[in-house]
Ligand SMILES: [Zn+2]
């Protein structure tokens with residue numbers, strides 16, 4: 001493992017533009033349940049309908065009542081997200097950004113933990129639970145600032161319909177985050193995959209695109225995934241355990257002037 005960490009650190013320090021893609025496995029050690037798989041929220045409560053977004057547009061009041069239902073699954077989920085704290089893996093990624101090695105994080109997580117731990121350049125491709133967004137002009141608001149006394153809430157900028165920033169089934173990826181991701185993936189000559197099997201599009205296309213343009217993939221996660229075979233290097237371990245080791249190895253290389 002030590003050797004693999006050193007090799008990964010060497011790659012990260014030498015590549016020009018490292019983008020990190022994180023998924024549900026990044027957050028489990030912060031106590032956040034995944035949506036899919038064993039113990040997943042949808043596994044227990046059932047997956048939302050695939051036309052969820054169309055239902056929201058047709059009946060936004062029902063969407064909001066469901067979201068605000070005190071005993072509902074969403075209240076429970078959002079409360080858990082509010083209490084969650086970043087772990088050492090989040091902190092390590094933030095440190096790797098500060099030293100200029102990781103340029104950008106694309107996350108499929110909605111939990112806000114990358115920002116909470118100090119990462120700055122982050123695209124939340126599936127939205128952020130702590131925000132709401134106008135579906136007409138794309139303006140985002142803090143969830144607590146949205147007046148839900150009259151449903152559905154309307155955008156103060158354009159009077160458009162406001163929903164949670166969390167992307168639901170059938171909803172297009174918000175234009176700004178979609179564009180940022182495309183731009184970042186085009187720049188990337190290395191992608192660090194953490195806790196994701198990258199099986200959900202559009203994120204599923206990103207690692208493939210990096211490989212096709214000659215870039216490298218490093219996977220961090222406890223289990224093999226569908227993209228393991230595409231990766232030049234695999235670090236088998238959890239995010240909270242592996243990322244701090246990797247960040248230490250990177251910092252040691254930089255301190256010793258080993259880069260480039
Ligand atoms: Zn608006």
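Numbers at a glance
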read-out: Every residue from segment 115-143 that is farther than 22 Å from residue 202 by Cβ, in a loop (DSSP other than H, G, I, E, B) and away from the ligand (no atom under 16 Å from the Cβ); value: 117, 118, 120, 130
read-out: Candidates 196, 242, filtered to the one that is part of a helix (DSSP H, G or I), more than 28 Å from residue 134 (Cα to Cα) and touching a residue at least 24 places away in the same chain (Cβ under 8 Å); value: 242
read-out: Among (1) touching a residue at least 60 places away in the same chain (Cβ under 8 Å); (2) over 19 Å from residue 129 (Cα atoms); (3) within 15 Å of the ligand (Cβ to nearest atom), the one test that residue 187 misses; value: (3)
read-out: Hey, residue 14 over 30 Å from residue 187 (Cβ atoms) and surrounded by 13 or more Cβ atoms within 10 Å (Cβ to Cβ) or not; value: no
read-out: Complete set of residues in segment 144-166 that are in contact (Cβ under 8 Å) with a residue 24 or more places away in the chain and more than 8 Å from the ligand (Cβ to nearest atom); value: 148, 151, 152, 153, 161, 163, 164, 165, 166
read-out: Boolean, residue 176 is part of a helix (DSSP H, G or I) and either over 30 Å from residue 14 (Cβ atoms) or within 13 Å of the ligand (Cβ to nearest atom) (or both); value: yes
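Read-outs throughout are calculated quantities, based only on the coordinates presented, and are distinct from any laboratory measurement. Remember, it's a predicted structure, so these values are computed and weren't measured experimentally. Cβ atoms come from the backbone with ideal geometry, glycine included; neighbour counts cover every protein chain shown.
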